[in-house]
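The values are calculated or read from the model by the stated rules, or taken from the named source; none is laboratory data. The shown structure was predicted, so the numbers you read here are calculated from the model rather than taken from an experiment. Cβ atoms come from the backbone with ideal geometry, glycine included; neighbour counts cover every protein chain shown. All accessible areas refer to the heavy atoms of the entire protein, side chains included, with ligands and DNA or RNA removed. Shrake-Rupley method; radii C 1.70, N 1.55, O 1.52, S 1.80 Å.
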Amino acid sequence: MTYQLPSLPYAYDALEPHIDARTLEIHHDKHHATYLTNLNKALESAPDLQAKPAEDLLKDLNAVPESIRLAVRNSGGGFVNHNFYWESMASNAGGEPPAGSPVAAAIQKAFGDFSVFKEKFSTATVARFGSGWGWLSLDKQGQLIIHSTANQDSPLTEGLMPLLTCDVWEHAYYLKYQNRRADYVTAWWSVVNWKKVAERYAAAQK
Ligand code: MN3
């Protein structure tokens, strides 16, 4: 069994005008698809690993043979991170977490005001040098943290539980925003799927 490319959970133009249809189409159909192809190729030599959820490979990269470990880290990370990114967004979304939800309370407790959280997340994400991702995750103690990863590295590899992500590879924004990464991140807040983040947070509490 090889891994399959999930369909986008919405139409290409669903995140307009914040994320344009052309960018979303190329990002999903070409970039995401290539990570998947390369992950499946890498695992041809380790068919027993294909039975595991791809997330599990990233949680324990040491269990992956050394000859394909870097390929799994990069292409497996690219596959899993993009699945997570698509679901972190939705049309008619953005705003703040559902009022009274546990995740809203946790953000307030960890960062103070929601606007402070937003500013810290944006700063950390925009500042990621080169290509990578901005994250809101739970650490091993169950505390909310804002961090970023390089390339296609996954928080799962660091023992963290991701709740929300923003892709800041240039392919995520260059057609519409060119070099203006900060403008893309500002626009991205308008499509954050807080309902999904709340679900992930609730699932992590069990
Ligand atoms: Mn990407």
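So what is the relative contact order of the stretch 70-146, in percent, for Cα pairs below 8 Å that sit 6 or more residues apart? Once divided by the residue count of the stretch 70-146, the mean separation gives 17 percent. A Förster radius of 22 Å combined with the Cβ-Cβ distance from Gln108 to Lys195 puts the calculated FRET efficiency at roughly 0.75. Per atom type, the stretch 21-87 shows carbon and sulfur on 49% of its accessible surface, probed at 1.4 Å. Between Lys206 and Phe129, the contour length at 0.36 nm per residue exceeds the alpha carbon distance by 24.2 nm. Taking the alpha-carbon distance from Lys176 and a cut-off under 25 Å, which lysines remain once sequence neighbours fewer than 8 residues away in the same chain are dropped? By straight Cα distance, Lys176 reaches Lys30, Lys118, Lys120. Rolling a 1.4 Å probe across the protein heavy atoms gives the stretch 102-204 an accessible surface of 44 Å² per residue. Mean sequence separation of contacting Cα pairs (under 8 Å, at least six apart), scaled by the length of the stretch 102-204, corresponds to a relative contact order of 26 percent.
Label sites at Arg69 and Gln4, each approximated as a point 7 angstrom past Cα along Cα to Cβ, lie 3.2 nm apart. Along its three principal directions, the equivalent ellipsoid of the stretch 1-66 from the Cα gyration tensor extends over semi-axes of 30, 11, 10 Å, largest first.
Determine the relative contact order of the chain: mean sequence separation of Cα pairs under 8 Å and six or more apart, normalised by residue count, in whole percent.
Taking the mean separation of contacting Cα pairs over the length of the chain, I get 25 percent.
Note on the chain: Cα Rg divided by 2.2 N^0.38 Å, N the number of residues, gives 1.00.
The simple spin-label model puts a point 7 Å past each Cα toward its Cβ; for Asn179 and Asp56 those points are separated by 4.6 nm.
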